[in-house]
Amino acid sequence: MYCIIPVLKIISMNMKMKIQLLFIYISFFLLFANSCTQNNSFNGKSIDSLSVDEITTSLHEFPDDAALYFARAKKYSFSGSIDEAIADMNQAILKKNLKPEYFILLADLHLMKGQSGNSRDALEKCIKEFPSNTEVLLRLAQLHFYVKQYKKSFEYLNRVQEIDPTIAQTYFIRGLVLEEAGDTTNAIINFQISTEKNPDYYEAYIILGLRYADKKDSIALDYYRNALKIKPKSAEAYYNIGLFYQSIEKFNKAIVSYNELLEKADSTYKFALFNIGYIYMEYFKEYGKAIYYFQKANDADIKYFQASYNLGLCYERLKDYKKAKELYRYTLSVEPGYELAIQGLKRIR
């Protein structure tokens with residue numbers, strides 16, 4: 001009754017955060033990567049190879065060159081000067097020879113500052129100039145999803161599907177919207193369609209695995225294994241497999257998967273170490289092995305107070321009360337007021 005529960009929700013929470021950040025940051029840097037491959041040149045040199053000072057000097061001579069503002073904005077954003085980057089992009093979209101990526105960068109910069117309204121405005125201006133740009137329509141769908149305007153998100157997704165029904169991301173985002181709206185069945189259908197459109201859609205396999213794991217359906221394992229085919233060293237996928245086996249009380253298989261994670265992906269992954277320790281402590285009553293894994297988890301993160309508490313609990317069960325008391329006190333030094341540790345000290349006084 002005294003031990004804390006396994007970390008059964010940790011990946012679900014991480015996945016939700018991952019989804020929320022996926023389009024804000026990853027697509028932002030993909031834009032930089034893509035733009036660097038373009039044949040943008042200035043006075044015989046690649047614009048992206050110029051320094052901020054060189055671009056500034058060039059702008060004095062060519063103040064109406066939008067590509068120069070775009071290049072300098074990227075330089076500013078990489079150095080963390082987001083306000084300066086936004087100022088440059090506001091100049092760029094006033095010039096001739098507009099490109100969708102100018103508006104996209106401006107929208108992403110605003111989103112990085114938490115200015116979703118300004119981000120939306122930039123994207124809507126882009127759609128007026130480029131009404132069939134599916135990337136911008138998808139971003140608008142994502143943005144309305146974040147602010148819980150699901151009907152508007154669906155409208156943009158439907159426009160993308162009409163223009164190009166093969167884009168996997170359309171169905172993935174629709175699945176997210178449907179899920180948030182409470183329609184899990186159709187959400188799963190759309191996640192599945194996204195993997196049909198793009199068989200290498202890692203995030204879709206992970207979220208499908210999570211949804212089937214919620215039902216304790218072993219199909220979840222197939223989705224996680226598909227994710228591993230795409231990312232063979234994915235700690236997330238290995239952990240989810242272990243978590244699924246743990247949830248259906250196949251503890252030996254759970255340990256095998258957690259150990260695969262530690263061997264192939266990350267030897268210091270504290271949640272896998274913790275869960276192995278928990279299985280040995282709570283189900284197998286092998287406190288020596290449990291201590292080994294809880295200690296490894298605590299070594300990986302000295303502020304992991306759940307691990308240090310469970311270490312204390314193992315020593316308490318082994319009747320090593322001096323060591324248990326030491327660990328309960330340590331736990332309280334990390335997490336003052338932690339009730340389980342307080343109760344532990346009361347038991348062994």
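Considering the chain at the alpha-carbon level, its Rg and Dmax are found to be 25.5, 80 Å. The value of relative contact order for region 268-349, using C-alpha pairs under 8 Å at least six residues apart, is 22 percent.
Counting pairs of alpha carbon atoms under 8 Å apart in space and at least six apart in sequence, what relative contact order in percent does the chain give? All intermediate terms of the calculation are to be shown ahead of the outcome.
On the way: 429 pairs, mean separation 31.5, N = 349.
Relative contact order here is 9 percent.
As a proxy for reagent exposure, THR170, THR184 were ordered by neighbouring Cβ count within 10 angstrom, fewest first; the result is THR184, THR170.
Here the Karplus curve 6.51 cos²θ - 1.76 cosθ + 1.60, taken at θ = phi - 60°, turns the phi angles of region 229-240 into couplings of 5, 7, 10, x, 10, 6, 4, 4, 5, 4, 4, 5 Hz, with x standing for Gly and Pro.
Springs join every pair of Cα atoms under 10 Å in this Gaussian network model of the chain, and among GLU179, GLU61, GLU316 the largest mean-square fluctuation is at GLU61.
When each of ILE86, ILE127, ILE230 is scored by the number of other beta-carbon atoms lying within 10 Å, the sequence from fewest to most is ILE230, ILE127, ILE86. In percent, how large is the relative contact order of region 227-328, given Cα pairs closer than 8 Å and 6 or more residues apart? The normalised contact order for region 227-328 reaches 17 percent.
Take the Cα pairs of region 206-342, get the Kirkwood Rh, then feed it into Stokes-Einstein at 25 °C and 0.890 mPa s and tell me D in µm²/s.
Numbers: Rh = 15.5 Å.
Reported coefficient: 158 µm²/s.
Given springs between every Cα pair under 10 Å in a Gaussian network model of the chain, which of ASN240, ASN97, ASN133 has the largest fluctuation? Comparing ASN240, ASN97, ASN133 in the GNM, the peak value goes to ASN97.
Counting only alpha carbon atoms, the long axis of helix 27-36 and the longest principal axis of the chain meet at about 50°.
Please identify every one of the chymotrypsin sites (Phe, Trp or Tyr not before Pro) in region 88-179 that sits in a loop by DSSP and has no more than 12 other beta carbons within 10 Å of its own beta carbon.
Values: sites: TYR102, PHE103, PHE145, TYR146, TYR150, PHE154, TYR156, TYR171, PHE172; in loops: none.
Hits after loop and neighbour filter: nothing returned.
Note on region 136-203 and region 270-304: Cα centroid distance 39 Å, given to the nearest whole angstrom. In order along region 205-212, phi translates into HN-Hα couplings of 5, 5, 5, 5, x, 4, 5, 6 Hz, rounded to whole numbers, per the Karplus curve 6.51 cos²θ - 1.76 cosθ + 1.60 with θ = phi - 60° and x for Gly and Pro. Taking LEU59, LEU243, LEU261 in turn, the Gaussian network model of the chain (Cα-Cα springs below 10 Å) assigns the largest fluctuation to LEU59.
In order along region 105-122, phi translates into HN-Hα couplings of 5, 4, 4, 5, 4, 5, 5, 5, 8, x, 9, 5, x, 5, 4, 4, 4, 5 Hz, rounded to whole numbers, per the Karplus curve 6.51 cos²θ - 1.76 cosθ + 1.60 with θ = phi - 60° and x for Gly and Pro. Working value for region 268-349: equivalent-ellipsoid semi-axes of 18, 15, 9 Å, each the square root of 5 times a Cα gyration tensor eigenvalue, largest first.
Laboratory data are not the source of any read-out in this text; all were calculated from the coordinates shown. Here the structure is a predicted model, which means the values were calculated and not measured. Note that each Cβ is placed from the backbone with ideal geometry, even for glycine, and that neighbours are counted across all protein chains shown.
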